[in-house]
1. Could you please report the charge total around VAL117, scoring K, R as +1 and D, E as -1 over all other residues with beta-carbon less than 15 angstrom from its beta-carbon?
2. For ALA109 and ASP28, calculate 0.36 nm times their separation in residues minus their Cα-Cα distance, and state this gained length in nm to one decimal.
3. Based only on Cα atoms, what mean projected area does the convex hull of segment 90-134 have, in nm²?
4. Going by average Cβ neighbours within 10 Å, how do the peptides 55-66, 103-114, 73-84 rank, with the highest at the top?
5. Scan around THR106 for amide H atoms under 5 Å from its own, H built in the peptide plane at 1.01 Å from N, and keep only partners 5 or more places away or cross-chain.
6. Full-extension gain between TYR128 and ASP43, please, as 0.36 nm times their residue separation minus the C-alpha to C-alpha distance.
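No lab work stands behind these numbers, since they all come straight from the coordinates. This is a predicted model, so every value here is computed, not measured. Methodologically, a virtual Cβ is constructed for each residue, glycine included, from the backbone with ideal geometry; neighbour enumeration extends over all protein chains shown.
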Amino acid sequence: MKKFFLISILSLFILCSTAYAELVDNGDGTVTDTETGLMWQKDEAGAMSWQNALTHCETMDLAGYDDWRLPNRNELQSIVDYTRSNPAINRTAFPGAMSSGYWSSTTYANTGYVWYVGFGAGGVLYNYRLNSLDVRAVRGGQ
């Protein structure tokens, strides 16, 4: 019984220590996720339509990099912190984060809709592409 308990505690410790990536503030307006290697825009770009979000990210120049893009659904969901809510994100790494929805680059089956991540609780939903949602750019990966 002691052995089982010890193994269970050790497994829980390993699971908890690897469940959330370390987010490193680079001091230049960017945050790097050490688990995925993705570099994130620290501050939001504001709310805009999906097409404007794509254009904004692709033409952005931040911290000497010009290869920014709108994150896909899985990338955006990777920075959700499900131990928090309103917003469900690490507020130390992203102090200006909103509890609102953030566009992803992933289109829904119906091309008029696009997936987004709601940072109130971390839900993944879809919205009409002409509506305005918040934007956070990413680089690297893919």
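1. My count for the surroundings of VAL117 gives -2.
2. 25.5 nm
3. Taking the Cα atoms of segment 90-134, their convex hull projects to 3.2 nm² on average.
4. Values: 55-66: 13.7, 103-114: 16.5, 73-84: 18.2.
Packing order, densest peptide first, comes out as 73-84, 103-114, 55-66.
5. ARG73, TRP115
6. Numbers: separation 85, 0.36 × 85 = 30.60 nm, distance 2.38 nm.
Gain on stretching TYR128 to ASP43: 28.2 nm.
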